[in-house]
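Asks: I have a structure I would like to understand better, so I am pasting it below and will then ask my questions one at a time.
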Amino acid sequence: MKLKDKVAIVTGAGSGIGRAIALEFVKEGAWVLVSDVDHSGGEETVKMIRGQGKETSFFPADVSQAEEVQKMVSAAVERYKKLDILVNNAAINTMGDSQMITEEVWDKTIAVNLTGTFLCSKYAIAEMKNSGGGVIVNIASVEGLSGFSNQLAYSASKGGVINVTKCLAIDHARDNIRVNSICPADIETPMFTGYVDLEGLEPIKKHMLMQHAMRRFGKPEEVARVAVFLASEDSSYITGTNLIVDGGWMCGKNLDPAEILGWK
């Protein structure tokens, strides 16, 4: 029970990586406040947790809105009397280059992915300082480490998350607050698989698979277990670090010509 009796908020916990983290945290003994803008998804996560005989609660919040974030953090503290862990997972993925993307889409992407990380951290840290410390885990992306075609706003926002992580880690180390980030590559979430499994996209899916040295996409649970590590005392001397969870995507050029030509 690596997180026994710890209190955690997981944003974007209504599906995918966020849901997997919430479920894994509960398995490790944590009390989890599930948060998402998607009411039905959030309630479904709560139902899954309670189905395991564990207690939890759902608080809907748009992380880009300071007032809603404050209420979310207050709800966790009022219910569980403290806050030990924050997982900043809520995000939106948008596509487009500088000529395609609108100012509105840019602003929304930055507001949710980057400003949301700042706001949640800001109000969570105030509570963590009151109780003697805590841990923040930010879900970034390999797209924050490398340029991607038609992913201008998303890549920019995730690059910002990685550097916000480092700054928070430096600023609050003496408050006994550790801050780290995770950079997943392609993970089998509903949003991702719903795209790559579309009819006619088989060649694109094959190309994407071959960019991973392990020749498969990741599972949300594989990211969740890394989040448990970073949230637990197993990583007690780690802060300001970014862990890449990508099946070898960032190793380099993984494309094998023989495999592309069907020779193996």
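Asks: Based on what the data block shows, is Ser146 within 19 Å of Val223 (Cβ to Cβ) and loosely packed, with under 14 Cβ neighbours inside 10 Å? Let's see the steps before the verdict.
Replies: On the way: within 19 Å of Val223 (Cβ to Cβ): yes; loosely packed, with under 14 Cβ neighbours inside 10 Å: yes.
Against the criterion (within 19 Å of Val223 (Cβ to Cβ) and loosely packed, with under 14 Cβ neighbours inside 10 Å), Ser146 qualifies.
Asks: Return a yes/no flag: does the range 220-227 have any residue that is more than 23 Å from Ile92 (Cβ to Cβ) and either touching a residue at least 12 places away in the same chain (Cβ under 8 Å) or in contact with a Cys (Cβ under 9 Å, 6 or more places away or on another chain) (or both).
Replies: Step one: of the range 220-227, the residues more than 23 Å from Ile92 (Cβ to Cβ) are 225.
Imposing the further condition that a residue be either touching a residue at least 12 places away in the same chain (Cβ under 8 Å) or in contact with a Cys (Cβ under 9 Å, 6 or more places away or on another chain) (or both) reduces the set to 225.
Yes, there is a match, as at least one residue in the range 220-227 is more than 23 Å from Ile92 (Cβ to Cβ) and either touching a residue at least 12 places away in the same chain (Cβ under 8 Å) or in contact with a Cys (Cβ under 9 Å, 6 or more places away or on another chain) (or both).
Asks: Which residues, taken from the range 44-67, are part of a loop (DSSP other than H, G, I, E, B), more than 26 Å from Lys158 (Cβ to Cβ) and either in contact with a Gly (Cβ under 8 Å, 6 or more places away or on another chain) or of a type in the set (S, T, N, Q) (or both)?
Replies: So in the range 44-67, the residues part of a loop (DSSP other than H, G, I, E, B) come out as 51-56, 61-65.
Still in the running and more than 26 Å from Lys158 (Cβ to Cβ): 51-56.
Passing the criteria: Gln52, Thr56.
Asks: Let me ask something else about it. If I filter the range 190-228 down to residues being assigned to a loop (DSSP other than H, G, I, E, B) and charged (D, E, K, R), which single residue comes out as farthest from Leu23 (Cα to Cα)? Steps first, answer last, please.
Replies: Taking the range 190-228 as the starting set, the residues that turn out to be assigned to a loop (DSSP other than H, G, I, E, B) are 197-201, 211-217, 219.
Subsequent filtering for residues that are charged (D, E, K, R) retains 197, 199, 215-216, 219.
On the way: Asp197: 26, Glu199: 32, Arg215: 26, Arg216: 23, Lys219: 14 Å.
Top of the filtered list is Glu199.
Asks: Would you check if Val223 is out of contact with any Gly (no Cβ under 7 Å at 6 or more places or on another chain), among the aliphatic types (A, V, I, L, M) and either modelled with pLDDT of 90 or more or under 30 Å from Asp5 (Cβ atoms) (or both)? Even if it seems obvious, please write down each step before you answer.
Replies: Values: out of contact with any Gly (no Cβ under 7 Å at 6 or more places or on another chain): yes; among the aliphatic types (A, V, I, L, M): yes; either modelled with pLDDT of 90 or more or under 30 Å from Asp5 (Cβ atoms) (or both): yes.
Answer is yes for this residue.
Asks: If you don't mind, there's one more thing I want to ask. Quickly run through the range 133-189 and pick out the residues that are in contact (Cβ under 8 Å) with a residue 40 or more places away in the chain, among the acidic types (Asp, Glu) and part of a loop (DSSP other than H, G, I, E, B). Reasoning before the result, please.
Replies: Let us first name the residues in the range 133-189 that are in contact (Cβ under 8 Å) with a residue 40 or more places away in the chain, namely 133-142, 145-146, 149-154, 156-158, 160-162, 164-166, 168-170, 172-173, 175-187, 189.
After this cut, where a residue has to be among the acidic types (Asp, Glu) as well, the list is 175, 186.
Once the filter is applied, which keeps residues that are in contact (Cβ under 8 Å) with a residue 40 or more places away in the chain, among the acidic types (Asp, Glu) and part of a loop (DSSP other than H, G, I, E, B), the range 133-189 yields only Asp186.
Asks: Cβ-Cβ distance below 8 Å, separation of 6 or more or different chains: which pairs start in the range 233-250 with a residue that is farther than 17 Å from Ala185 by Cα and end on one that is part of a loop (DSSP other than H, G, I, E, B)?
Replies: Cβ pairs passing all conditions: Glu233/Lys2; Asp234/Lys2.
Asks: Keeping to the range 115-131, report how many residues are more than 15 Å from Asp171 (Cα to Cα), touching a residue at least 40 places away in the same chain (Cβ under 8 Å) and of a type outside the set (A, V, I, L, M).
Replies: Pass one, the range 115-131, residues more than 15 Å from Asp171 (Cα to Cα): 115-117, 119-120, 127, 130-131.
Adding the requirement that they be touching a residue at least 40 places away in the same chain (Cβ under 8 Å) leaves 115-117, 119-120, 127, 131.
Next cut, of a type outside the set (A, V, I, L, M) only: 115-117, 120, 127, 131.
Result for the range 115-131: 6.
Asks: Sticking with this structure for a sec: Might you let me know whether the range 203-218 holds any residue that is modelled with pLDDT of 90 or more and crowded, with 17+ Cβ neighbours inside 10 Å?
Replies: yes
Asks: Return the only residue of Gly42, Gly96 being on the phi > 0 side of the Ramachandran plot and of a type outside the set (Ser, Thr, Tyr).
Replies: Details: Gly42 fails: on the phi > 0 side of the Ramachandran plot.
Going through Gly42, Gly96 in turn, just one is on the phi > 0 side of the Ramachandran plot and of a type outside the set (Ser, Thr, Tyr): Gly96.
Asks: Quick one: which residue in Glu43, Glu103, Glu78 is farther than 16 Å from Leu33 by Cβ and surrounded by fewer than 17 Cβ atoms within 10 Å (Cβ to Cβ)? Can you show your working first?
Replies: On the way: Glu43 fails: farther than 16 Å from Leu33 by Cβ; Glu78 fails: farther than 16 Å from Leu33 by Cβ.
So the residue among Glu43, Glu103, Glu78 that is farther than 16 Å from Leu33 by Cβ and surrounded by fewer than 17 Cβ atoms within 10 Å (Cβ to Cβ) is Glu103.
Asks: From the list Ala13, Ala20, Ala8, pick out the single residue that is within 21 Å of Glu68 (Cβ to Cβ), of a type in the set (A, V, I, L, M, F, W, C), within 12 Å of the chain's Cα centre (by Cα) and surrounded by 23 or more Cβ atoms within 10 Å (Cβ to Cβ).
Replies: On the way: Ala20 fails: within 21 Å of Glu68 (Cβ to Cβ); Ala8 fails: within 12 Å of the chain's Cα centre (by Cα).
Residue meeting the stated conditions: Ala13.
Asks: Give the residue that is farthest from Arg178 (Cα to Cα), with candidates limited to residues of the range 68-104 that are assigned to a helix (DSSP H, G or I) and under 20 Å from the mean Cα position of the chain (by Cα).
Replies: Residue satisfying both the conditions and the ranking: Glu68.
Asks: Consider only pairs whose beta carbons are under 7 Å apart and that are at least six residues apart or on different chains; among these, list those whose first residue lies in the range 71-82 and is within 13 Å of Met128 (Cα to Cα) and whose second residue is in a helix (DSSP H, G or I).
Replies: Val73/Tyr123; Val73/Ala124; Val73/Glu127; Val77/Glu127
Asks: Sticking with this one: Can you pull out every residue in the range 170-197 that is within 20 Å of Leu86 (Cβ to Cβ), surrounded by fewer than 21 Cβ atoms within 10 Å (Cβ to Cβ) and in contact with a helix residue (DSSP H, G or I) (Cβ under 7 Å, 6 or more places away or on another chain)? Working first, answer last.
Replies: Quick first cut of the range 170-197, residues within 20 Å of Leu86 (Cβ to Cβ) only: 170-184.
Checking the rest, the ones that are also surrounded by fewer than 21 Cβ atoms within 10 Å (Cβ to Cβ) come to 170-176.
If the condition is that a residue be within 20 Å of Leu86 (Cβ to Cβ), surrounded by fewer than 21 Cβ atoms within 10 Å (Cβ to Cβ) and in contact with a helix residue (DSSP H, G or I) (Cβ under 7 Å, 6 or more places away or on another chain), then His172, Asp175 are the ones that fit.
Asks: Looking at (1) over 22 Å from Val226 (Cα atoms); (2) surrounded by 17 or more Cβ atoms within 10 Å (Cβ to Cβ); (3) out of contact with any Ser or Thr (no Cβ under 6 Å at 6 or more places or on another chain); (4) among the polar types (S, T, N, Q), can you tell me which one Ser98 breaks?
Replies: (2)
The values are calculated or read from the model by the stated rules, or taken from the named source; none is laboratory data. Bear in mind that the values here come from a model prediction, so they are computed numbers and not experimental data. Neighbour counts are summed over all protein chains in view; Cβ atoms, including those assigned to glycine, are modelled from backbone coordinates with ideal geometry.
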